[in-house]
């Protein structure tokens, strides 16, 4: 398929995916029309069809883009670096993605139910892999005496909730991904009580 170059350096297809992600996140997938996506990037609906088949194709690509960083997280989680560094790296990767692709994260976590079952299952398997490697890392760190964790599963869900929930409140320009990661890591590792 031919790719057009736009003024902002994105291909036309990239423009479509980016615009659609923004509108899906604001209005929901079902409430969004291809006319609105075409209008957002300033092309006709027939021109839109030159680059994409339908809304479902757009959503599948967005979900695919969500799975890429999860694959990277799983790779780090299975690496041989020390457990503490592994957990910190996972938090930083998840926060960085949620900050850079806020709308994509929202869609993958809240709109995926309208995907075909096979796509939903693939996304869920990848999410489960992330959960598993984080839990394995916490367990390893606990066995080494690095982590003081009671319920490993609950701890992993807390870490994932903190890291993934950013898309609900993050506003560009106020904090960087590094600043957010640093604060989350400080809070998760030290708690919120003043040390005596």
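The values are calculated or read from the model by the stated rules, or taken from the named source; none is laboratory data. Owing to the predicted nature of the structure, the values given are computational and were not obtained by experimental measurement. Don't worry about glycine lacking a Cβ; one is built from the backbone with ideal geometry, like all the others, and counts go over all protein chains shown.
See the values below:
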quantity: Which listed residue, of 171, 127, is surrounded by 17 or more Cβ atoms within 10 Å (Cβ to Cβ) and more than 15 Å from residue 88 (Cα to Cα); calculated: 127
quantity: Filtered residue count, region 149-180, keeping only those that are within 21 Å of residue 136 (Cα to Cα), assigned to a helix (DSSP H, G or I) and either modelled with pLDDT of 90 or more or not assigned by TED's automatic domain parsing to the domain that holds residue 97 (or both); calculated: 12
quantity: Matching residues in region 27-57 - criterion: being closer than 22 Å to residue 116 by Cα and out of contact with any helix residue (DSSP H, G or I) (no Cβ under 7 Å at 6 or more places or on another chain); calculated: 27, 28, 31, 33, 49, 53, 54, 56, 57
quantity: Helices (runs of 4 or more DSSP H) wholly inside region 23-108 that include at least 2 residues being over 21 Å from residue 184 (Cα atoms) and in contact (Cβ under 8 Å) with a residue 12 or more places away in the chain; calculated: 34-41, 45-51, 55-77
quantity: The one condition in (1) more than 15 Å from the chain's Cα centre (by Cα); (2) surrounded by 14 or more Cβ atoms within 10 Å (Cβ to Cβ); (3) not assigned by TED's automatic domain parsing to the domain that holds residue 170 that residue 26 fails to fulfil; calculated: (2)
quantity: Identity of the residue in region 127-148, assigned to a loop (DSSP other than H, G, I, E, B) and in contact with a helix residue (DSSP H, G or I) (Cβ under 6 Å, 6 or more places away or on another chain), that ends up nearest to residue 110 (Cα to Cα); calculated: 147
